[in-house]
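Shown next, in structure tokens, is the structure this report addresses.
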Amino acid sequence: MNHFDEMTALLYLEQQLDAAHTQEVRAHVGECRECRSLLRALELEGVWLRQSLEADDESVPAHLVQAPEADGTPWGWLSALGLSAGGAYTMWSGFIEPWRAQAAQSGFTQGNILTMLFFSGAFWKGWDAMRSLTEFLAVATLGVVVIWLLRRHLRRVTTLAVVMGAMLMALAFAPAGQAAEVKHGDPNYTLPAGETIHTDLFVFGDSSTIDGDVEGDVVSWSRSLTINGHVKGDVLAFSQTIRVNGPVGGNVRVFCQSLFLENEVSRNVMAWAGDLTLNEKSKIGGSLTVGSGDAELNGELTGDLIAGTGDLAINGILDRNSLIHAGKLVIGPKAEIKGQVKYEGRKQPEVSPSAKLGSPIAVTIEKRSSDRSYSSPHFYVHQILLWGASFVFGLAMLILMPGFFFDAAGACKRTMPAIGFGALFLIALPILAVIICATIVGIGVGIATLMFWVVAIYAAHVIVGTWLGDRLLGETIGVGPALGRMALGLLILRVIGIVPYLGVWFSSLVVCLGLGAIVLAIYRNMRPHLATAPAA
Amino acid sequence: MERGKTTGEMSAAELADVLTQVRAGDSDAWGELYGQYAPAIFRFCRRALPTREDAEDATTEIFMKVRQKLGTYDASRPFTAWLYKVASNHCWDLLRRRRIRQDLETGDLETLPLEHPDPDQLAQLQTEHDSKHVRAGLAKMPDRARMALVLRYYSDMSYDEIADTLGVRRAFVGVLLLRARHQLRDILAEGSGGMRSATAGGKA
């Protein structure tokens, strides 16, 4: 017999050869030193592999020592639900309730028991409480996310020591590296006229008035902010009422209930506000992006206008193009619009005969959402198209990131934690994005975060649909069966989603579940993918 | 077949008694069964899956599955064999669902490594690398190769059981194991300064 190969040697050692072949190998080994040597090396390798695999060099995690209860209540989703409730309260009291109150003043007086209980009673403590809650929520959310990401590593004393040490260092060195004035704790802060702040100014107060000049940016979180001085940088503000009476050299980006602009802003204005008023003296050097309840534009706008508003009244000068989505558009007699205007709304625009228009307004009248008819074939065609869009989106996810896709669908099994985390992120992520915009990294990261949030909400249906399909038809492997299950699941979700009243609640639950599953899958994929490094 | 590695052995009679109680819904008995076998299953998962976190999650999920499927267990067969079968199927499903594109790996199964190892260098490789190195090397291996080594050399599964778990023909299990050994040798050799010749130098 010739020398045998490594495969034959392995099968011989593992007693997988038939009797005749075994006898042949045995006879050859007796005569051939070279093959005997190979056989011995492979045999030792087998022993070495077994010993290495059996070596018990890791402890069993403490939480695996106790049997898991099927209905156990992990801390994660409990705290997530608690924070979600906090976030929902903050959002309601900070944004929805003021709008509701405004609507009540306008004649829409349908109060409800929830509002009376929570916001007219003991829980409602006004804007101060709201500010504290928001700050608490922001810090708590960041804290929970950090702890959640590090939770496994926190068991190690060294990691804990490093984290705590880093926090202490950060606290110790923060004041030395701070290139900004921070005003916090004074409920009525005023920067006197004649005084100049040469860096950025951060103001946290009930009422803040800036009569002096600021050479950097102004970042404010106050109930009321009034700027009478000159701000050479940007204005970033979260307030109930903001009045900008002095000139601003940079951009104005605000999130407020009422914004009054009465002077020149050299660059762009972006405002999310209940009411926006640009008086006749105001002038914006760049573009204006506004999302508001009502808006009056009486000043001059050099750049483009992008507006999504309730009622919009234009009685000033618009030098460039406008894209307007409004409940109602009124163009007054003093209006002078040099660019093109595209308007979408439910009513025809009212245009004064004295207004000067560079070109006719392109008008698109929307149909009311209540116009949808369950008896119309178009409605069902539309639903099928929406189903198809979700399916194509899911197909793209499956092809581009199959591992993540299945991880996320699998994470839906942990229903309660997923719903808890989903609810938390549904509420906390946009708040976090706004905070990022203002204070941490910048508006780009904040907007990217918001876009991720929107895409994740859409993807949530696809993930839950796939999981639902798996539940109904059983789990399987491969792209084809997965697509079939996703198609079925999405169809069921869409059918239930169009049921009046129930559909809205059901879709909300699906979004929470899917979003939570995505978060859990992201967490799984963020974890290190290799075992502990070998010892040196 | 040796499946051992449990903490504080339970006699066959005790095990049968505990299983009966678990089936009757006794949570204390379930706790006892879990405490007996969870460490072993965690260690198995730790070797079969790439990260410790994966192993922790998988252990919990496997025992959830065991509790659900206990009614299908045939008491005439060894419980540990059934348990390891459930565990290995779960781990392999998990890996496959994460990386469905690696289904294509099956096509390479018939390709045998052409170079034989030099016995001296193979011995040197074993001398230079302890169990930690091997475990770290395992984590870097392709899923199927890692699973094959773990099922064979840790769980002592037969070729038939490995073929069934990994969804390959029995005739290819040997090839799979040999390829896995070569991959592990290469990973370890690279880690110790490019001793690539650990898999070369022998007869062609």
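Results, tabulated for the structure shown:
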item: Candidate set: region B:10-22, residues that are over 25 Å from B:Leu151 (Cβ atoms) and touching a residue at least 40 places away in the same chain (Cβ under 8 Å); chosen: the one least open to solvent (accessible area, probe 1.4 Å); result: B:Val22
item: Filter result (in a strand (DSSP E or B) and either over 30 Å from the mean Cα position of the chain (by Cα) or over 16 Å from A:Val434 (Cβ atoms) (or both)) within region A:275-289; result: A:Asp275, A:Leu276, A:Thr277, A:Leu278, A:Lys283, A:Ile284, A:Leu288
item: Region A:18-54, residues that are open to solvent by less than 30 Å² (accessible area, probe 1.4 Å) and in a loop (DSSP other than H, G, I, E, B); result: A:Cys32
item: Filtered residues of region B:143-160 (kept if touching a helix residue (DSSP H, G or I) at 6+ places or on another chain (Cβ under 7 Å) and either open to solvent by 10 Å² or more (accessible area, probe 1.4 Å) or without any contact (Cβ under 8 Å) to a residue 60 or more places away in the chain (or both)); result: B:Asp143, B:Arg144, B:Ala145, B:Ala148, B:Leu149, B:Arg152, B:Tyr153, B:Tyr159, B:Asp160
item: Close pairs from region A:377-400: first more than 14 Å from A:Leu493 (Cα to Cα), partner open to solvent by 80 Å² or more (accessible area, probe 1.4 Å), Cβ under 7 Å, at least 6 apart; result: A:Phe379/A:Arg372; A:Phe393/A:Tyr458
item: Unmet criterion (only one of (1) within 17 Å of A:His461 (Cα to Cα); (2) over 31 Å from the mean Cα position of the chain (by Cα)) for A:Gly339; result: (1)
item: Some residue of region A:335-346 being aromatic (Phe, Trp, Tyr) and over 24 Å from A:Gly291 (Cβ atoms); result: no
item: Scope region B:38-55; condition at pLDDT 85 or above and surrounded by fewer than 22 Cβ atoms within 10 Å (Cβ to Cβ); matching residues; result: B:Pro39, B:Ala40, B:Arg43
item: Those residues of region A:193-211 which are within 17 Å of A:Asp234 (Cβ to Cβ), touching a strand residue (DSSP E or B) at 6+ places or on another chain (Cβ under 7 Å) and outside any strand (DSSP E or B), in sequence order; result: A:Thr199
item: Index of the failed condition, A:Gly403 passing every other in (1) at pLDDT 85 or above; (2) open to solvent by less than 30 Å² (accessible area, probe 1.4 Å); result: (1)
item: Filtered residue count, region A:517-536, keeping only those that are surrounded by 13 or more Cβ atoms within 10 Å (Cβ to Cβ) and either of a type in the set (A, V, I, L, M, F, W, C) or modelled with pLDDT of 90 or more (or both); result: 7
item: Some residue of region B:78-86 being outside any helix (DSSP H, G or I), more than 9 Å from every other protein chain (Cβ to nearest Cβ), open to solvent by 60 Å² or more (accessible area, probe 1.4 Å) and under 24 Å from A:Arg50 (Cβ atoms); result: yes
item: Test: residue in region B:113-126 that is open to solvent by 30 Å² or more (accessible area, probe 1.4 Å), more than 27 Å from A:Cys35 (Cβ to Cβ) and at pLDDT 80 or above; result: no
item: Residue satisfying condition, being of a type outside the set (A, V, I, L, M), at the interface with another protein chain (Cβ under 10 Å from one of its Cβ atoms) and either more than 18 Å from B:Ser155 (Cα to Cα) or open to solvent by less than 10 Å² (accessible area, probe 1.4 Å) (or both), within set B:Gly35, B:Gly25; result: B:Gly35
item: Region A:300-311 - residue that is surrounded by 18 or more Cβ atoms within 10 Å (Cβ to Cβ) and farther than 16 Å from A:Asn251 by Cβ and, of those, modelled with the lowest pLDDT; result: A:Thr309
item: Enumeration of residues in region A:357-380 that are more than 22 Å from A:Gly327 (Cα to Cα) and at pLDDT 80 or above; result: A:Gly358, A:Tyr380
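The values are calculated or read from the model by the stated rules, or taken from the named source; none is laboratory data. All figures in this text were calculated on a predicted structure; none of them were measured in a lab. With ideal geometry, Cβ positions are generated from the backbone for all residues, glycine too; neighbour counts draw on all protein chains shown. The protein model used for the area step is the full one, side chains on, heavy atoms only, and it has no ligands, DNA or RNA in it. Shrake-Rupley method; radii C 1.70, N 1.55, O 1.52, S 1.80 Å.
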